[in-house]
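Report on the structure given below.
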Amino acid sequence: MTKTALITGITGQDGSYLAEQLLDKGYRVVGVVRRSSTTPYERIAHLVDRVELVSADLLDQTSLTDVVQAAAPDEIYNLAAQSFVQTSWNQPVLTGEFTALGVTRMLEALRKGAPKARFYQASSSEQFGKVVETPQRESTPFYPRSPYGVAKVYGHWITVNYRESFDLYAVSGILFNHESPRRGLEFVTRKISDGVARIKLGLQHELRLGNLDARRDWGFAGDYVDAMWRMLQQDEPDDYVIGTGETYSVREFCDLAFGAAGLDYRNHVVQDERFFRPAEVDLLVADPAKSKTQLGWTPKVNFRQLVEMMVEADLARYHRAQ
Ligand code: NAP
Ligand code: GDD
């Protein structure tokens with residue numbers, strides 16, 4: 001029988017890859033979009049004829065309950081959020097409404113509209129923040145360092161709480177940073193790959209960045225949405241860390257990305273106070289042992305391949321536009 005998946009955040013990076021993979025598996029895919037005066041479905045333009053788009057907002061309980069009830073999903077992937085850490089200091093209340101309370105609203109929608117549906121919550125390695133253990137695993141205590149991280153900790157625990165209180169199949173995937181050519185331009189990896197392409201084509205000369213010493217465990221988004229799906233196919237609901245187990249600095253990302261275009265980052269990157277954060281997450285690196293053993297999940301794209309994929313895609317995009 002055809003399974004139905006409901007995805008919040010289908011217009012985002014992860015939502016677009018997840019929708020593709022679920023369609024390939026034969027799912028009926030229902031995507032939640034929020035009302036806008038334009039229809040900027042850039043990442044899912046190639047999918048709009050194959051998915052059903054329904055309108056709801058994380059701030060609005062009635063709309064969420066209605067779309068969950070109408071879709072009658074077997075699986076719900078709650079990917080929608082205010083996902084940019086830097087913005088969470090400028091819009092802390094909105095971030096809490098979307099990224100924290102939005103999860104409770106989705107869980108309430110599930111309880112009322114589709115209590116048998118399996119629920120995936122997009123938790124984050126930002127929850128580990130000022131890390132108390134390295135590498136970080138499922139049992140590592142949280143110490144968030146931004147309003148975004150705090151909101152995600154709430155979303156994580158409310159998912160655990162609803163699982164335990166109401167016997168729901170509800171899981172949190174604690175995903176480390178994952179990137180792609182579809183990454184938003186404000187995130188550091190895409191800002192760099194886009195900057196490299198613009199510099200290569202003579203459209204700009206310098207790239208202004210913040211902290212080059214921050215270290216992240218970066219993987220490819222296409223691999224990570226497969227892990228989300230695997231989490232909902234287990235006999236019992238559980239939470240998993242998803243990452244590569246390798247960590248690199250922003251500086252190392254720059255070195256590889258500029259190098260991929262035959263450039264030296266030291267001639268172009270300028271550090272700018274505007275892009276430093278009030279509180280930084282210095283180091284993230286996953287211990288993905290549990291997801292490997294229990295989900296059979298391993299990343300297919302390595303760090304170098306990811307960087308090269310992103311630079312090539314941005315170069316190709318600017319070439320097409322010329
Ligand atoms: P993204 O590209 O920023 O996408 C966010 C999505 O949420 C967009 O579709 C956005 O819709 C939607 N959205 C935002 N506010 C909404 C609202 N009030 N109502 C309905 N939809 C709303 O994020 P992503 O990188 O795909 O990440 C997906 C999820 O994983 C997020 O929850 C993020 O916090 C989490 N996460 C991401 C990473 C990562 O490295 N990418 C790691 C760990 C966790 P619009 O298109 O209308 O803006
Ligand atoms: N965005 C940005 N812009 N970051 C910069 C810059 C810059 O110019 N210069 C240095 N950085 C550093 C940041 O200070 C941070 O330490 C690191 O690059 C990564 O920043 P982002 O790419 O913005 O991602 P993030 O790690 O804060 O958050 C992402 O990953 C989380 C998972 O750990 C987002 O996708 C979150 O939604 C996700 O939960």
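Accessible surface ranking for 228, 309, 1.4 angstrom probe, highest first: 309, 228. Once neighbouring chains are kept in place and the probe is 1.4 Å, which whole percent of the accessible area of the chain is contributed by carbon and sulfur? Result for the chain: 48 percent of the exposed heavy-atom area is carbon or sulfur.
Using Cα springs under 10 Å in a Gaussian network model of the chain, which residue among 13, 233, 21 shows the largest mean-square fluctuation? In the Gaussian network model the winner is 233. Taking the longest Cα principal axis of the chain as reference, the axis of helix 188-200 is set at about 40 degrees. Other residues lying with their Cβ under 11 Å from the Cβ of residue 297 contribute a combined charge of +2, Lys and Arg counting +1, Asp and Glu -1. With the highest mean first, a sort of the peptides 266-272, 97-103 on other beta-carbon atoms found within 10 angstrom per residue produces 97-103, 266-272.
Using C-alpha pairs under 8 Å with a sequence gap of at least 6, the mean separation divided by the residue count of the chain gives a relative contact order of 17 percent. Of all the options 44, 242, 174, the one that moves most in a Gaussian network model of the chain with Cα springs shorter than 10 angstrom is 44.
For the chain, the longest principal axis of the Cα atoms and the long axis of helix 13-24 meet at an angle of about 60 degrees.
Can you flag which of 130/200; 116/152; 25/200; 152/200; 200/292 are past 31 Å Cα-Cα?
As for pairs spanning more than 31 Å Cα to Cα, those are 130/200; 25/200; 152/200; 200/292.
Over the chain, accessible surface divided per residue gives 44 Å², non-protein components excluded, 1.4 Å probe. Loop-located trypsin sites (Lys or Arg not before Pro) across region 22-77 with a Cβ neighbour count of 14 or fewer within 10 Å are 25, 35, 50, with loop assigned by DSSP.
Each residue was assigned an accessible area with a 1.4 Å probe, and for residue 164 the value is about 140 Å². Accessible area ranking (1.4 Å probe, heavy atoms, ligands and nucleic acids excluded), largest first, for 48, 301, 281: 48, 301, 281. Residue 167: net charge of surrounding residues, Cβ under 14 Å, Lys/Arg +1, Asp/Glu -1, itself excluded? Combined, the nearby Lys, Arg, Asp and Glu give +2.
Beta-bridge orientation, the chain: approximately 5 percent antiparallel, per DSSP, counting only bridges with both partners inside.
To the nearest 10, the accessible area of residue 231 is 0 Å² with a 1.4 Å probe. If you take all other residues with their beta carbon under 13 Å from the beta carbon of residue 98, and give Lys and Arg +1 and Asp and Glu -1, the sum is 0.
Accessible surface ranking for 217, 282, 14, 1.4 angstrom probe, highest first: 282, 14, 217.
Mean residue ellipticity, 222 nm, helices only, the chain: the sum of -39500 (n - 2.57) across DSSP H runs of n ≥ 4, divided by residue count and rounded to 500, is -11000 deg cm²/dmol.
The values are calculated or read from the model by the stated rules, or taken from the named source; none is laboratory data. All of these numbers come straight from a predicted model, not from anything done at the bench. So basically every Cβ, Gly included, is an ideal-geometry build from the backbone, and we count neighbours across all protein chains shown. Accessible surface areas use protein heavy atoms only, side chains included; no ligands, DNA or RNA. Shrake-Rupley method; radii C 1.70, N 1.55, O 1.52, S 1.80 Å.
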